[in-house]
1. Please work out if PHE77 is under 28 Å from THR30 (Cα atoms), at pLDDT below 90 and surrounded by 11 or more Cβ atoms within 10 Å (Cβ to Cβ).
2. Could you list all residues from the stretch 140-161 that are closer than 20 Å to SER90 by Cα, assigned to a helix (DSSP H, G or I) and in contact (Cβ under 8 Å) with a residue 24 or more places away in the chain?
3. For THR101, state whether it is at pLDDT below 95 and open to solvent by 70 Å² or more (accessible area, probe 1.4 Å).
4. Are any residues in the stretch 3-32 modelled with pLDDT under 85 and under 18 Å from the mean Cα position of the chain (by Cα), and if so, which ones?
5. Looking only at the stretch 1-25, how many residues end up being within 15 Å of GLU37 (Cα to Cα) and not in a loop (DSSP other than H, G, I, E, B)?
6. Identify the residue in the stretch 56-74 that is at pLDDT below 75 and open to solvent by less than 60 Å² (accessible area, probe 1.4 Å) and, among all such residues, is nearest to the chain's Cα centre (by Cα).
Amino acid sequence: HPLLYGRHRVRRMLGLPHDDWDTLADSLHTSSVTLDELHDPKRVWSLGSDNPAELEAEISRLRAELGAYREALSRPFPVAVLHWPAQELSELLSAYPTLRTEYPSHAEHLSAIESSLRELAASGTPNLGIVTGTVPSYEAFAASEGASPEDATLLPQYATTLAARGRAAAWPPG
C-alpha cells in the first residue's frame, strides 16, 4: 500500500493523469479524505507557505482527518471467529499435525464456525465477524508471541489480532 500511495503522490505532483495503478491505490485507500486531495500539489505546497491563512486552513484539515482517524480507531472491533480456507487448513495441518484436535476436517471446521456464530448471535453478542487465517500470517503471529504455532491456545488470540487490524468480515452477511 505505501508503494501505491507514494506512486500516486508522485504522479499527482507531476500532474500526470490517473492510470490503473492510481485507481487501485484509490480503491485501497480507506480514509475519508481522498488520495487526490491528500496529494493535491497546492495543499502540499501550502505546508511550506508563509501565509498564515493557508497554514491555518491546512491545520484545520489535518485536525479533521485526525478526528476521523481517531473515531475509526475507537470503534470496537468485532468478536471474530477464525476461518481457514480448505487449502490453508490442509497446509496448516500438514505443518502442525497436533492441531488436528482443533480441526478434524474442513467440513467440521465450517460447521463449528457456523455453530459458534449462531450461539454468539443468540446470546446477544453484537458486532460479530469472521477472519480468514493464512499459514504464513499465523506463523508470524506465533513468532511475535514467542510461541510455537502448534500451541492451540494461540488460535483465538490470532483471530482477535486479525479482527483488531480490521481484517474481519461482518457476520451475518447482508
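1. So PHE77 fits the description; yes.
2. Matches in the stretch 140-161: LEU155, PRO156, TYR158, ALA159.
3. Criteria met by THR101.
4. Of everything in the stretch 3-32, those that are modelled with pLDDT under 85 and under 18 Å from the mean Cα position of the chain (by Cα) turn out to be THR30, SER31, SER32.
5. Number of matching residues: 12.
6. ALA72
The values are calculated or read from the model by the stated rules, or taken from the named source; none is laboratory data. What you see is a predicted model, and the numbers here were worked out from it, not measured in a lab. Positions of Cβ are generated from backbone atoms using ideal geometry, with glycine treated the same way; all protein chains shown enter the neighbour counts. Note: accessible area is taken over every heavy atom of the protein model, side chains too, but ligands, DNA and RNA are not part of it. Shrake-Rupley method; radii C 1.70, N 1.55, O 1.52, S 1.80 Å.
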